[in-house]
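Each remark here refers to the structure printed beneath this line.
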Amino acid sequence: MTLLPAVAALAAADFRGIVPHFVAAGFTVSEPAAGVVQIVGDASRASVLLSVGVHGDETAPIELLAQLLEVLARQPHQLAVNLMIVVGNIAAIRQAQRFIDVDLNRLFCRERGLLSATAEAARADELMLASRAFFTRAAGPRLHLDLHTAIRGSLYPTFAMIPHGIAATDRQALIALLGHAGMAAVILNRSTASTFSAYTAAELGATSATVELGQVSTLGNNDPGRFAAASVTLARTLRGYTAPTIPQVPLVFEVVQEIIKHSEAFHMTFDGTTPNFTVLPRDALIATDGLVEYRVGHDEERVVFPNPSVRIGFRAGLMVVRCDVTQAESRRVQ
Ligand SMILES: [Zn+2]
């Protein structure tokens, strides 16, 4: 099928179709790196970073964002926030691959060891630098939504990961926003991570989430109807509306175990085809790694992002349990 021109342009990190409209409307527009555009007005505005294509084969967010930007560029005065757009792994998008050398979304950190020489490490540096400059120039609230699609099926087709380091009130507002964006579930991660959203939350004071908008499909073959709520909510956010007061609260989970692959002996009792949020009962074997066994420690735990074929040292999956946000807060205070 033929791609919409706006989608093809964004997938190629080409902003020429939209930039002149925002310049003509009086915004300061800059492109500090390939695939990065910053459209900035008054410093008191909220700063919103929307990133897509951090995994090159996850195309639905590119389609969604291209269409949002095309509409907004025709009414540029409606943009009520300072906006930064990131097209993450441009080379991988071109090849319809998840990554070239290594998963870009594991590199938003300073210590990268042997991965420092990868193509993606240089890209992570560019994105960290550009997002730092963007978020620290303005005084208003900071929001970062890193838009993905999961590479497997999921019992909750749309869900979001909320990283560590966000103030409780901001996190509640974020959960409400994600509910309106159609997320059936959110996962709170209390540990540090080296994802893009974890970096902007922990280092740049942003209210951030990694948003999973459904399942991977090739560019032009995504069903936009599945992302209608996300599209409407993002369009409203860029126009300065906050989420309606009637909460549409997603199910909230928290991470209780990170399954790390420490050696080539690592073996998971399920594989990359296991749907996200599959339930495992207490004591069930999750994985073995030489003499080490990972087992379910709660009455039930659900597995998210199971991927035994990751590199050694990387996360091969997360185990999550349902959590009452209010209780989780009081536990944290103690
Ligand atoms: Zn992804």
Q. How long is the gain from Asp271 to Glu203 if the chain were fully straight, where each residue apart is worth 0.36 nm and the alpha carbon distance is subtracted?
A. 21.2 nm
Q: Compute the signed sum of charges (Lys and Arg +1, Asp and Glu -1) over the other residues within less than 14 Å, Cβ to Cβ, of His77.
A: +2
Q. Which percent of Cα-Cα pairs in the chain sits in each 10 Å bin, short to long?
A. 6, 26, 36, 23, 7, 1, 0
Q. Within region 55-74, whose backbone N sits under 15 Å from a point 7 Å along Cα→Cβ of Gln95?
A. 55-58
Q: Between Ser197, Ser116, Ser131, find the one with the highest GNM mean-square fluctuation for the chain; connect C-alpha pairs within less than 10 Å.
A: Ser116
**Q.** Signed unit charges on C-beta, dipole axis of the chain, positive-most listed residue Leu318, Ile100, His21
**A.** His21
Q) Which residue, Ala167, Ala46, Ala235, tops the fluctuation ranking in a GNM of the chain built on C-alpha contacts under 10 Å? A) Ala167
Q) Between Leu114 and Ser309, what is the FRET efficiency for a Förster distance of 30 Å, r being their Cβ-Cβ separation, to the nearest 0.05? A) 0.95
Q.
Tell me the carbon and sulfur percent of the accessible area for the chain, rounded to whole percent, probe radius 1.4 Å.
A. 55 percent
Q: Report the net charge of residues surrounding Gly140, where surrounding means a beta-carbon distance below 12 angstrom and charges are Lys +1, Arg +1, Asp -1, Glu -1.
A: +2
(Q) So if each residue of separation counts as 0.36 nm, and I subtract the Cα-Cα distance between Ala133 and Ala8, what length gain in nm does that give? (A) 42.2 nm
Q. Counting alpha carbon pairs within less than 8 Å and at least 6 residues apart, what relative contact order, in whole percent, applies to region 254-333?
A. 38 percent
Q.
Treating only the Cβ of Lys, Arg, Asp and Glu as charged (+1, +1, -1, -1), what charge dipole size does region 114-239 show about its Cα centre? Round to the nearest 20 debye.
A. 300 debye
Q: Working from Cα positions, state the angle (0 to 90°, nearest 10) between the long axis of helix 228-238 and the longest principal axis of the chain.
A: 50 degrees
Q: Would you calculate a helix-derived [θ] at 222 nm for the chain, using -39,500 (n - 2.57) for each DSSP H run of n ≥ 4 and dividing by the full residue count, to the nearest 500?
A: -8500 deg cm²/dmol
Q: State in Å² the accessible area per residue of the chain; use a 1.4 Å probe, count heavy atoms of protein chains only, and round to the nearest integer.
A: 43 Å²
Q: Take the alpha-carbon positions of region 232-293, form their convex hull, and give its projected area averaged over all directions (one quarter of the hull surface) in nm².
A: 7.5 nm²
Q) If you project the alpha carbons of region 1-129 onto their three principal axes, what span does each projection cover, largest first, in Å? A) 46, 41, 18
Q) What's the local net charge at Ala33, with K and R +1, D and E -1, over the other residues with C-beta under 13 Å away? A) -1
(Q) Would any residue of region 251-282 have its amide N under 12 Å from a label point 7 Å out along Cα→Cβ of Val321? List them or say none. (A) 254-257, 282
Q) How much length is gained on full extension from Ala43 to Thr169, taking 0.36 nm per residue of separation minus their Cα-Cα distance? A) 43.1 nm
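The values are calculated or read from the model by the stated rules, or taken from the named source; none is laboratory data. Note that the structure is predicted; figures quoted are calculated from it, not measured. Backbone-built Cβ (ideal geometry, glycine too); neighbour counts: all protein chains shown. Side chains are part of the model used for accessible areas, which takes the heavy atoms of the whole protein and leaves out ligands, DNA and RNA. Shrake-Rupley method; radii C 1.70, N 1.55, O 1.52, S 1.80 Å.
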